[in-house]
Every structure is written in structure tokens, then in C-alpha cells.
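Taking it in order: structure first as C-alpha cells, then the write-up.
The values are calculated or read from the model by the stated rules, or taken from the named source; none is laboratory data. Note that the coordinates shown come from a computational prediction; the quantities given were computed from them, not determined experimentally. So basically every Cβ, Gly included, is an ideal-geometry build from the backbone, and we count neighbours across all protein chains shown. Accessible surface is based on the protein model in full, side chains and every heavy atom, while ligands, DNA and RNA are left aside. Shrake-Rupley method; radii C 1.70, N 1.55, O 1.52, S 1.80 Å.
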Amino acid sequence: MDTKLFHTDDNEIAEAGEILRNGGLVAFPTETVYGLGASAFDSDAAKKIYAAKGRPSDNPLIVHICDKGQIKDIAEEIPESAKKVIDNFMPGPVTIILKKKSVVPNDVTAGLNTVAIRFPLHETAQKLIKAAGVPIAAPSANLSGKPSPTKAKHVVKDMTGRIDAIIDGGECNVGVESTIVDFTGEKPVILRPGGVTYDDLKGIGLDVEIDKNILHSIAADEVPKCPGMKYKHYAPNAEVTVVEGEKDAVQSKIKELLEQTEGKVTGVLTMYGAVYDKAVMLSAGSTNKEYAKNLFAALREFDELGVEVVFAEFSEKDGYGLAVKNRLYKAAAQRVIHV
Ligand code: TXA
Ligand code: MG
């Protein structure tokens, strides 16, 4: 299939909207990562998403809206606690899980009786959903298992020939996927940390918990609340090891590890500046917010540069720390050295 490359002109967005309305697939920018969209009311279109990504069929999609009024069309009820999040953080990098209405096909929710809903802040995303005239089901626009795309070129690499169109809207600002909060249990629970932080949610008086599976791998016999948790994620070809702690200790540990890694192309993802010999160095930025924005692009770049072993400097510094840690630990398949 030919994949059209659009930019953000209104007439191109209108054409992309029509493709979606007619059951096609369009990748589009959001403030978090690029999404791979299809009409959320079209079972066959949803199935095409799973095929294009190679996504396991039990991992549900997020339904994207462009108007808060659409929530009542797809969700059975909106608890008071969820209303607080809707009022304070939508549009924005947050996704809420609510009980679903039957208009949302089972292929979108992977058979669950709940639905994930997100109102993105990105202007192009909002215009596209409006142009489509229907809510848009969209996972991240990467091949399953690869780091999420934060630039159009990442989507071009993974999806060319597999989908109808890609809208190039430049670089994504947040860089990690939305915070997912589940409102279907007794208390709201963060299933995935992201740009709306735990402190942000506490700050509006929400009595919210953090799912215990956020920072480790799921046991083989466990059923996670968020099906996406159990899959290998964000994995570059390189073997990644996180070295976590204060600057001096982290840098001397990584120097030691580099000495021990002979005969391989090595790389370091830096937070504290470039001080290593004989390693490809990419900067993650010095704050966790910058780290979030740069992480996925850096993982893809190490692969392009043929790096085989990556050591990632990390320390938790701000509210974005949990979101970064969650992605970084997964990319490292839980290889973490605390110094
Ligand atoms: O920022 C984002 O959320 C991006 C952009 C494109 O909006 N989307 C995204 O989608 O990250 P995806 O498919 O990569 O991640 C969706 C996650 C998966 O882990 C999935 O298991 C979970 O949301 N999810 C979807 N529906 C769910 C539901 N009803 N209950 C629990 N988890 C759900
Ligand atoms: Mg994803």
C-alpha cells in the first residue's frame, strides 16, 4: 500500500479525516507520542491497527476525542473523581478508564467492558478528530515492541507501506505516553505514569494510588489491570542497562562497565554531561522532563548508529521521574544498577 505523507495544512487534515471516516489508518502527532488512528466505531478499521502494528489482540486501544461532550457518548457513567480529572487536565496528556457503552466495539477494547478515553492537547490531533467526525481509536504509532515514535521520521520508518497516511506535525513535546488512570475500581489507580504526574493528581484532591506493577515486570501467571503492562516494550536492539544514583557514583560505575565491555559498540545516554571515552554519547537532558522528551528518540538513534550496549545515566529529580523510570526500566528489561 502507498502511504501518503501529509503536513498540517487544513486541506491535508481534511483529507486525512476522510480517510479515517472511510475506515482507513492515519498516523498523527499528539503532545505525548504519535498515534496510529482509526475510527473508534469501526470494528474492521480497529482490526487493521492490530495488523499494521503486529499488536497482540488482547491489548486494547485508547479512544481519542476532541470535545468533553463525547465522553458521555462512549462511557456508561462518569464518577465524580473522574470529573475532577476531566475538568483539570483535559485536554492534556492523561487517559481515563471508564465503563464502556456498547457503541464502542469489542475490537477497540479487546473485549473489556471498559474503555480508555483521551482528549489530546495537540492542535493537529484535535483538528483531525474533528475532521473525521468520529472518535479515533489510536495506540502509539510504532511497531509493537519498539519505542514509541516522537518524530514523524520514526513513524515513516515503522509504518510506511502498512497504513494509508502519516501526518508530520514535528516533534512531540511530552515524549512519553499519557498517564492512565483507572476509575472503574473502588479508588482511582494510576496504571501508567506520564505527563500528568502523581503530584498533579494529588494536587486536585484526588485520592489516587499507583499500581504496584509500574516499576517491575509482571509475573507470568499474573493478570495485569492494564493489558499493555505485560508486554515487552520500548525495546531497542541494543542491550540497555540503567545506572541510577548521584552523578559521581554513576559516572565512575559507567566508566568501569565500559572498560569491561570489550569488542562491542557502546553508547551512553547522559544526564550529567559527556565524560566517556570510546562510547557514542547522546544527551537525555538534565531534568527528568527533558529526559522524557528525549528518551525514545535516543533509543532509536542508538540503533541507527549500530550501538550494541547502552548504559543510561539516571536519577529521579522531578515529577516526571516515575514516567521516565517506567519506560527506562522496561527498555532495559529491568537491568538496573543502583549506585
Ligand atoms: O499518549 C498516549 O496515550 C498515546 C497517544 C497516541 O495518545 N497512546 C498510547 O497508546 O500510548 P498505546 O496503545 O500505546 O497504549 C495504550 C495503553 C495500553 O497499555 C493498554 O493496555 C491500555 O492503554 N488500555 C487501553 N484500554 C484499556 C482499558 N480499557 N483498561 C486498561 N488499560 C487499557
Ligand atoms: Mg504503545
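Please list, in order along the range 269-283, the HN-Hα scalar couplings obtained from phi with the Karplus expression 6.51 cos²θ - 1.76 cosθ + 1.60 (θ = phi - 60°), rounded to whole Hz, x for Gly and Pro.
For the range 269-283, the Karplus curve yields 8, 9, 10, 10, x, 8, 10, 9, 8, 6, 9, 6, 10, 10, 8 Hz.
Residues with amide H under 5 Å of Glu209's amide H, sequence separation 5 or more or different chain, H placed in the peptide plane at 1.01 Å from N; which?
Amide H neighbours of Glu209: Val189, Ile190.
For the range 117-124, take each phi angle, set θ = phi - 60°, evaluate the Karplus expression 6.51 cos²θ - 1.76 cosθ + 1.60, and give the result in whole Hz per residue in order, putting x for glycine and proline.
In residue order, the calculated couplings are 10, 9, 10, x, 7, 4, 4, 5 Hz.
Compute the accessible area per residue over the range 4-210, keeping the other protein chains in place, probe 1.4 Å, unit Å².
Numbers: 7730 Å² over 207 residues.
Accessible area per residue: 37 Å².
For Ser283, list long-range residues whose amide hydrogen, built 1.01 Å from N in the peptide plane, is under 5 Å from its own amide hydrogen.
Correct list: Thr270.
Quick one: which residues, 5 or more positions from Ile337 or on another chain, have an amide H under 5 Å from its amide H? H modelled 1.01 Å from N in the peptide plane, none for Pro or chain starts.
Sorted by chain and number, the residues that satisfy this are Val242, Val243, Glu244.
Run the paramagnetic zone check for Asn22: 7 angstrom along Cα to Cβ, then residues of the range 102-129 with backbone nitrogen under 19 Å.
128-129
Over every pair of different alpha-carbon atoms in the chain, take the mean of 1/r and invert it; report that Kirkwood radius in Å. All intermediate terms of the calculation are to be shown ahead of the outcome.
Values: mean 1/r = 0.0492 Å⁻¹.
Hydrodynamic radius (Kirkwood, Cα only) of the chain equals 20.3 Å.
Step by step: find N for the range 239-338, compute 2.2 N^0.38 Å, then divide the Cα radius of gyration by it. What's the final number? Show your work: numbers first, answer last.
Values: Rg = 12.1 Å, N = 100, 2.2 N^0.38 = 12.7 Å.
Rounded to two decimals, the normalised Rg is 0.96.
If you split all Cα-Cα distances of the range 68-188 into 10 Å bins from zero, what percentages do you get per bin, shortest first?
P(r) for the range 68-188, in whole percents per bin: 12, 40, 36, 12, 0.
What's the carbon and sulfur percent of the chain's accessible surface, probe 1.4 angstrom, rounded to a whole number?
Details: 6660 of 14080 Å².
After summing per-atom areas, the C and S share lands at 47 percent.
For the chain, with the dipole built from +1 on Lys and Arg beta-carbon atoms and -1 on Asp and Glu ones, taken about the Cα centre, which of Val268, Leu257, Leu191 lies farthest toward the positive end?
Value: Leu191.
Using every pair of alpha-carbon atoms in the range 1-144, split the distances into 10 Å bins beginning at 0 and state the percent of pairs per bin, rounded to integers.
13, 46, 35, 7, 0
Quick one: what are the phi-derived ³J(HN,Hα) couplings along the range 57-70, Karplus 6.51/-1.76/1.60 with θ = phi - 60°, whole Hz, x for glycine and proline?
Once rounded to whole Hz, the list reads 6, 9, 10, x, 9, 9, 8, 9, 10, 10, 6, 4, x, 6.
Exceeding 31 Å between C-alpha atoms, which entries from my cross-link table qualify? They are Lys48/Lys72; Lys157/Lys253; Lys48/Lys84.
Working: Lys48/Lys72 26 Å; Lys157/Lys253 35 Å; Lys48/Lys84 34 Å.
In this structure, Lys157/Lys253; Lys48/Lys84 lie more than 31 Å apart at Cα.
How much accessible area per residue does the range 239-338 have, counting only protein heavy atoms and a probe of 1.4 Å, in square angstrom? List each step's numbers first, then the result.
On the way: 4330 Å² over 100 residues.
Result: 43 Å² of accessible area for each residue.
Where the centre of each part is set by its Cα atoms, how far does the range 144-164 sit from the range 232-270, in angstrom?
What the calculation gives is 26 Å, centre to centre.
With both partners inside the range 4-210, how many of the DSSP beta bridges are antiparallel, as a percent to the nearest 5?
Values: 18 of 32 bridges.
In the range 4-210, DSSP labels about 55 percent of beta bridges as antiparallel.
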